[in-house]
Each structure stands twice: as C-alpha cells, then as structure tokens.
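Before any comments, here is the structure.
Coordinate-derived values only; no laboratory data. Predicted model only: the values in this text are computed from it and were never measured. No Cβ is skipped: glycine too gets one built from the backbone with ideal geometry, and neighbour counts run over all protein chains shown.
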Amino acid sequence: MLKNKLLYTLILTALSAPGLALAADAPATPPAVTANVGFVTNYLYRGISQTGAKPAIQGGFDYAHASGFYAGVWGSSISWLSDAYTASANANAPAAANAGANNAGLELDIYFGFKNSFATDYSYDVGFLRYNYPGTYAVGATKADTNEIYGLIGWKWLTAKYSYSLGDTFGVPDASGTSYIDLSASYPVADTGITLGAHYGKQTYKGSSVAYTAAGGQNATYSDYKLSVSKDFSGYVVGLAYSSTNATKSAGQFYNVLGNDLGKGTAVLSVTHSF
C-alpha cells in the first residue's frame, strides 16, 4: 500500500543518510531532557484556530540522544471539538446520547523520530506523530485522534516538510492519505536574538473525506500563510505572528457554532520558555 511504501522510504532515508550515528557508535554525550511552557493569545494549527480565537496554555517535554533519535510529548488547551459540534450535528442518534455532544478540552501529542545533518548546511528529520484528544464523543462521531508520519529536508534556514495521515484525520473519517506540505523559513538576525519567519502550508484531504465539503460544495482542502518575528529575552521568547488561510467557512469545519471564522486572518502573540 502507498502509506506502507512511504513509511519504508522515510525509514530507509533516515538510516542511509550521511551523518547518522547509530546508538552504539554515538559520542558519549548524555541524553538531554528539556521542558517547555508557553502562552498564546490564539492557538493556530495549520492556520486554523483550535481555541475559538481564545488564548491557550501549552507545554511539553523532549528527549534528545546524540544519535539523532528524539521523542517527546506536548499538550495544549483546545476548544474546537466542544465548540464545533451540537446535538443537531448528529440528528440520527438518540437525543440523550447527544447531550453535550463532543467534549474534549485537551490536545496531547506524542512523537518520536530521527534528525541529523548531512553534507554542508543540510539537515533531515523523519518521524511519527500521534495527536490525542481525550474526552467524550457523541454517538456516531469520529474521534479526532490522528496518526501521521513525516519527513523534512532543510538547508540553512529553509525547510520543506511533508506529513502523511495514516487514517481518520482530525475527526474526518477514512481520510488515509490526507497530507500537509509545509514550506518554512526561519532567519536569525545576527547578534540580536531576533528571528524572522515565513511559512506556506497546504492541507489536502484524501480518502472518502473528499465528500466532506465546505459550504458551497467546495472541498475542505485549503492553504495557510504566516509571517512572524520573535525575540529571545534571556530564555523567554516573545513572538508576534500574522496568519491567514483561504479556508472556506462551514458549520462543521472552519466556522464553529460560536460564530467564529476559525481560518480568518489574525495576529497572535506568544511567550515561551524552555528549561
């Protein structure tokens, strides 16, 4: 199957890329465990608000080995699952079963992979990421839990990343093959602590999800764009970004029951700290 071939390709790329040291050959550098915590005025993921345009608290832990292997866990408060569904969205189920509809206020991501550098100024990163959304769901609703594999190639401050979904995707059923392309630039201004960023992404839905359409009969596939600037103040990174999408508003996807256009252009302020 295509997804299996893609997974094998990513693994072989990681193992054959120059510069990758196996655990037995790695320098005797102790593994590093770090933590991070952050606050954002609006949690945007791939350009779409996960919090109904409201603030979020976020944080996680990361493990990194000298071989290039890494693993981590990261979480954020969210509201899109609770906001986006009402009893009317599941009219065929008994009314009692739909009381409260979906109720999930946390995103908890688990990931692992390999990353390293090769040649001159080049880098790669391949891995697996699972998005978990613990909570209760209305009868008949597809859980938002999602599995993705990804591969990234970088050159200096430019990166290109491809993410591939292995099944149900953020509540869209039978969406195996759904993908996201991420082209990003992150340019540090020398001796200032300032980093300038730019991003373009495209979320493309596949599988039976092609029938999952937005208002006007348009498919839920969309693109997002972002410009950002951040500055490091003694370990506290303050960022300001402007993000927008061409996502079409719909009651079930990009326009929630609170009346918020979840993909509209917006500015986001963030403060993060790693230790």
TODO: Enumerate the aspartates and glutamates that Lys264 could reach by cross-link, defined here as Cα to Cα under 16 Å, with residues fewer than 8 away along the same chain left out.
DONE: Asp224
TODO: With 30 Å as the limit, write out which pairs from Lys156/Lys206; Lys115/Lys226; Lys54/Lys226; Lys54/Lys156; Lys143/Lys231 have Cα-Cα distances beyond it, or answer none.
DONE: Lys156/Lys206; Lys54/Lys156; Lys143/Lys231
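Rank-order 230-242, 160-172 by packing density, defined as the average count of other C-beta atoms within 10 Å over each peptide's residues, highest first.
Peptide ranking by packing, descending: 160-172, 230-242.
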Open item on the list: Under a crude label model (7 Å from the Cα following the beta-carbon direction), how far is Leu108 from Val37 in nanometres?
Closed with: 1.9 nm
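Based on the Cβ-Cβ distance of Arg130 and Asp191, what FRET efficiency does E = 1/(1 + (r/R0)^6) give at R0 = 45 Å, to the nearest 0.05?
Approximately 0.70, to the nearest 0.05.
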Task: Relative contact order for region 113-180, counting Cα pairs under 8 Å that sit 6 or more residues apart, in percent - done: 26 percent
- [ ] Report the full-extension gain for the segment Asp121 to Asn246: residue separation times 0.36 nm, less the Cα-Cα distance, to one decimal in nm.
- [x] 41.7 nm
